[in-house]
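The values are calculated or read from the model by the stated rules, or taken from the named source; none is laboratory data. Note that this is a predicted model, so its numbers are computed, not measured. As a convention, Cβ positions derive from the backbone with ideal geometry for all residues, glycine included, and neighbour counts pool all protein chains shown. For accessibility, only protein heavy atoms count, side chains too; no ligands or nucleic acids. Shrake-Rupley method; radii C 1.70, N 1.55, O 1.52, S 1.80 Å.
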Amino acid sequence: MNYETFFRTQLDELHQEGRYRVFAELLRKAGAFPKAAHFGEDEVRDVTVWCSNDYLGMGQHPAVIAAMHEAIDRCGAGAGGTRNISGTNHYHVQLEKELATLHGKEAALLFTSGYVSNWAALGTLASRIPGCVVFSDELNHASMIEGVRQSRAEKRIFKHNDPADLDRQLSQLPLATPKLVAFESVYSMDGDIAPIAEFCDVAEAHGAMTYLDEVHAVGLYGPTGAGVAEREGVAHRLTVIEGTLGKAFGVLGGYIAASTALCDFVRSYASGFIFTTALPPAVAAGAIASISHLKTSSIERERQRERVRRVRERLDAAGIPHLPNPSHIVPVMVGDPVRCKQISDTLMDRFGIYVQPINYPTVPRGTERLRFTPSPLHSDADIDRLIAALVAVWAEVGLRQAA
């Protein structure tokens, strides 16, 4: 087999379909978010970032940066090992306590990313509980799908955000069968929100555990930023709450929060935890500072919600179609991969606006989109420039504006 020819052929197909992914090389500017320097082929220019998952700009918050500097001065750069072999730092322990308190759980367990926390925790629970059957929402994240797949446990897919379909499928198994229901709170591409209380009702009626991914909600929802489950008063009903430190908290890492026994069980059996180097202590220190700040400050969340409302109102006025939802995510619907990339490229090249095209397999074919995430730090002028640019480019690529 000519391996190089195979690789090039596969890549050519992605190019032809408009699905080849190009990474924008950025240098974020501390103190000036959402501004960044974009390193193009021939020049470096300033751009405004409109698709960051640093939803509240906490990656540049003075308290977060100061905490990380202090930790580096105290501990140096890295953790020095896995958590089991010399890598458990005081900051890791303090962060796990902070996360457990945030979610009202007995314990928490850190991982190197949100992807790894889902993959390792779901894979371990589903594989090691004898006869466990996993019920997974049909739009769950790839990390959840991979975790369940790795477990080799029986898996059943229920219709997206549909408690009735979940109840129907759970009813097909004996009450004594171990069951795990896995779903997200905020779905990152459509921005819709799960009926968490209804899912808990159904799961409890059938003796099932519940596993909630709050990755796109922690920091953003609830009085202390603990997520949608906190906002709706149902966190205590969930067996496991999984989250990330890499989005609204502005740093890096993932975690689960649950009972002491469950966290210790995953700690003791999950290869994705056991065999990887621990997070740098400075990252953990930054996360502690970010969580502590957002527990008591609602300014960032309130400002973000206002910016989201303003962007949506301006899109409506301009006739640019966007998917309605109750969250902070604003998907502008294009419906064609080539045009989606063309719009993204033109916004960057001509207007200094960066938003990444979202194509298959991240979203179904025909639902290609630009995913905007307005932050508290986007100004009125930023929004004005965005809408004017979108209107101009929309007409150029031959897309019709909404009535």
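Summary of computed values
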| item | result |
| --- | --- |
| Pairs where the first residue, in the range 184-210, is farther than 13 Å from Glu232 by Cβ and among the hydrophobic types (A, V, I, L, M, F, W, C) and the second is modelled with pLDDT under 95 and part of a loop (DSSP other than H, G, I, E, B), C-beta under 7 Å, 6+ apart | Met189/Thr362; Met189/Val363 |
| Residue that is open to solvent by 10 Å² or more (accessible area, probe 1.4 Å) and either touching a Ser or Thr at 6+ places or on another chain (Cβ under 6 Å) or not in a loop (DSSP other than H, G, I, E, B) (or both), where the choices are Ala197, Ala217 | Ala197 |
| Any hit, the range 144-159, residues being touching a residue at least 60 places away in the same chain (Cβ under 8 Å) and either in a loop (DSSP other than H, G, I, E, B) or open to solvent by less than 70 Å² (accessible area, probe 1.4 Å) (or both) | yes |
| Wholly within the range 1-104, helices (runs of 4 or more DSSP H) carrying at least 1 residues that are of a type in the set (Phe, Trp, Tyr), out of contact with any strand residue (DSSP E or B) (no Cβ under 9 Å at 6 or more places or on another chain) and open to solvent by 60 Å² or more (accessible area, probe 1.4 Å) | 3-17 |
| Pairs, first open to solvent by 10 Å² or more (accessible area, probe 1.4 Å) in the range 233-251, second among the charged types (D, E, K, R) and not in a loop (DSSP other than H, G, I, E, B), C-beta under 8 Å, six or more apart | Arg237/Glu204 |
| Tally of residues being under 13 Å from Gly286 (Cβ atoms) and among the charged types (D, E, K, R) across the range 75-112 | 1 |
| Enumeration of residues in the range 275-297 that are farther than 14 Å from His61 by Cα and either loosely packed, with under 15 Cβ neighbours inside 10 Å or of a type outside the set (A, V, I, L, M) (or both) | Phe275, Thr276, Thr277, Pro280, Pro281, Lys295, Thr296 |
